[in-house]
Amino acid sequence: MAVSDFLLYCFISSLPGPPGVSVDNAFVQLIPINKHKCPHIDPVRDISYQLYTRYNPLYHQSLRIGDDEALQNSNFNFSQPTIIFFHAFFESGMAATATIIKTAYLQRGDHNIILLNAPRLEAGPWYLTASRNTEVVGKYTAQFIDYLVSRGMYLPSLHLIGLSLGAQMAGVCGQNVRSGRVTRITGLDPAGPLFKKWPKNLKLDAGDAEFVDVIHTDAGIFGYPTQIGHVDFWPNQGISPQPGCTIPEVKRRNPDALIEPVFCSHWRSYQFYAESVLNPYGFLSVACNTWDDYINQRCDPNQVPTNMGFAVDYNARGNYYLRTNPESPFSVSSSYNPQYNPQYQTYWNKR
């Protein structure tokens, strides 16, 4: 790109806007902002970090790289675990997806919940540009983490969670943290389109953290179609439509929904995870080779079941399967003990 074109693009992207509108929790923008063409990051308009704690559950406090005053005056508690949530394509840090994850954690107990906010860079309908921007957002967030660690955050207490494109951002972020190795990354139906052919340094995989767990709910459409973590969960086979996500079912619940009929199965991943934060042992899962083996009870009885979501066993490896309800509460089990859950009675008796 010529220098004149570079300067012109940077000037245009620095102007207020571009015009955008939110439709049913989706952010649509008139033109894309490609940060590979103009790499300067505006820490307010391009990528920002919104802190929520038990002391400010409704109104965020903004944190920035290098802004010690803002960090010191915030409610950030260095003795508590920290969650960074990466939102999806079409979304922002104020979207319902981020809010539900944040609320679940704050209901559970003390946490530093940091919601990434980058709607200009992840705006629709510019999926190609948004996908390329995941590298920029991931690397910039790695710098943000290194800054927090330099000021006293205990890196092993950090957990990265990402939905769709956000899961791919979290992977890039984990690769680029320089202050140590991230302990856990959770990918919620990581984005599939384009990423299947992209190299590992641009997407989530098991090498990006000490432990990577993945929940697939729309595999092969909006979600990644194959195993990419240390442990991958495939509720209801991990594909669309998830129970309760057929168009008639969605329209019956919400006749005015415009986006939900398209993304319902994709969104189930974050809904399952948020529920698991409050019901950690509700999504007991069985290790199995295939969904067909799972439903026909041909799984290895020597494999110990584990919980999908919040209370996953960090020693779990491979592919795990389970069923869910079509509506909230999605969990079909109420106890961590498989003997109280008929779905797993067969495997429990064989052990």
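Is it the case that Val137 is closer than 23 Å to Leu30 by Cβ and crowded, with 21+ Cβ neighbours inside 10 Å? For Val137, the condition - closer than 23 Å to Leu30 by Cβ and crowded, with 21+ Cβ neighbours inside 10 Å - is met.
Considering each of Gly192, Gly220, Gly207 in turn, give the residue that is farther than 22 Å from Arg323 by Cβ, modelled with pLDDT of 95 or more, out of contact with any helix residue (DSSP H, G or I) (no Cβ under 8 Å at 6 or more places or on another chain) and of a type outside the set (A, V, I, L, M, F, W, C). Answer to the selection: Gly192. Reported count of residues in the range 266-311, each being charged (D, E, K, R) and within 21 Å of Phe211 (Cβ to Cβ), is 1. Residues in the range 56-100 that are assigned to a loop (DSSP other than H, G, I, E, B), on the phi < 0 side of the Ramachandran plot and not aliphatic (A, V, I, L, M): 19 in all. Within this structure, Glu122 passes the test of being within 26 Å of Ala219 (Cβ to Cβ), among the acidic types (Asp, Glu) and surrounded by 24 or more Cβ atoms within 10 Å (Cβ to Cβ).
For first residues located in the range 15-37 and under 22 Å from Thr134 (Cβ atoms) and buried (at least 18 other Cβ atoms within 10 Å of the Cβ), partners that are at pLDDT 80 or above and charged (D, E, K, R) and lie 6+ apart or on another chain with Cβ distances below 6 Å form the pairs Ile33/Arg120. The residue that is farthest from His159 (Cα to Cα), counting only those in the range 255-288 that are in contact (Cβ under 8 Å) with a residue 40 or more places away in the chain and of a type in the set (Val, Ile, Thr), is Ile259. Restricting Val214, Val286, Val250, Val262 to those that are modelled with pLDDT of 95 or more, among the β-branched types (Val, Ile, Thr), surrounded by fewer than 24 Cβ atoms within 10 Å (Cβ to Cβ) and not in a loop (DSSP other than H, G, I, E, B) reduces the list to Val286.
In this structure, Ser131 does not qualify as of a type in the set (S, T, N, Q) and either more than 15 Å from Pro190 (Cα to Cα) or within 13 Å of the chain's Cα centre (by Cα) (or both).
Every residue in the range 220-247 that is under 19 Å from Gly162 (Cβ atoms), among the aliphatic types (A, V, I, L, M) and surrounded by fewer than 21 Cβ atoms within 10 Å (Cβ to Cβ), please. Ile221, the sole residue that qualifies. Scanning the range 30-55 for residues that are in a loop (DSSP other than H, G, I, E, B), of a type in the set (A, V, I, L, M, F, W, C) and farther than 13 Å from Ala118 by Cβ gives Leu30, Ile31, Cys38. One residue is enough: does the range 105-113 have a residue meeting the conditions of a type in the set (Ser, Thr, Tyr) and buried (at least 20 other Cβ atoms within 10 Å of the Cβ)? Yes, the conditions are met somewhere in the range 105-113. Among the residues of the range 337-345, is there at least one that is modelled with pLDDT under 95, farther than 28 Å from Phe89 by Cβ and outside any helix (DSSP H, G or I)? Yes; the residues of the range 337-345 include at least one that is modelled with pLDDT under 95, farther than 28 Å from Phe89 by Cβ and outside any helix (DSSP H, G or I). Residues in the range 106-163 that are under 19 Å from Asp205 (Cβ atoms) and small (Gly, Ala, Ser): 4 in all.
What number of residues within the range 94-121 satisfy the criterion of being under 16 Å from Tyr49 (Cβ atoms) and either in contact (Cβ under 8 Å) with a residue 60 or more places away in the chain or out of contact with any helix residue (DSSP H, G or I) (no Cβ under 6 Å at 6 or more places or on another chain) (or both)? Spell out how you get there, then give the answer.
Residues of the range 94-121 that are under 16 Å from Tyr49 (Cβ atoms), as a first pass: 94-95, 98-99, 101-102, 105, 111-121.
From what is left, the residues that are either in contact (Cβ under 8 Å) with a residue 60 or more places away in the chain or out of contact with any helix residue (DSSP H, G or I) (no Cβ under 6 Å at 6 or more places or on another chain) (or both) are 94-95, 98-99, 101-102, 105, 112-121.
Residues that pass the stated criteria total 17.
Residue by residue, here is whether (1) under 17 Å from the mean Cα position of the chain (by Cα); (2) surrounded by fewer than 18 Cβ atoms within 10 Å (Cβ to Cβ) holds:
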{"residue": "Thr53", "(1), (2)": "no, no"}
{"residue": "Tyr59", "(1), (2)": "no, yes"}
{"residue": "Ser62", "(1), (2)": "no, yes"}
{"residue": "Gly66", "(1), (2)": "no, yes"}
{"residue": "Ala95", "(1), (2)": "yes, no"}
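The residues in the range 181-202 that are surrounded by 24 or more Cβ atoms within 10 Å (Cβ to Cβ), in contact (Cβ under 8 Å) with a residue 40 or more places away in the chain and more than 18 Å from Met308 (Cα to Cα) can be counted, and the count is 1.
The values are calculated or read from the model by the stated rules, or taken from the named source; none is laboratory data. Keep in mind that what you see is a predicted model, and the values were worked out from it rather than measured. Using ideal geometry, Cβ is built from the backbone for each residue, glycine included, and neighbour counts are taken over all protein chains shown.
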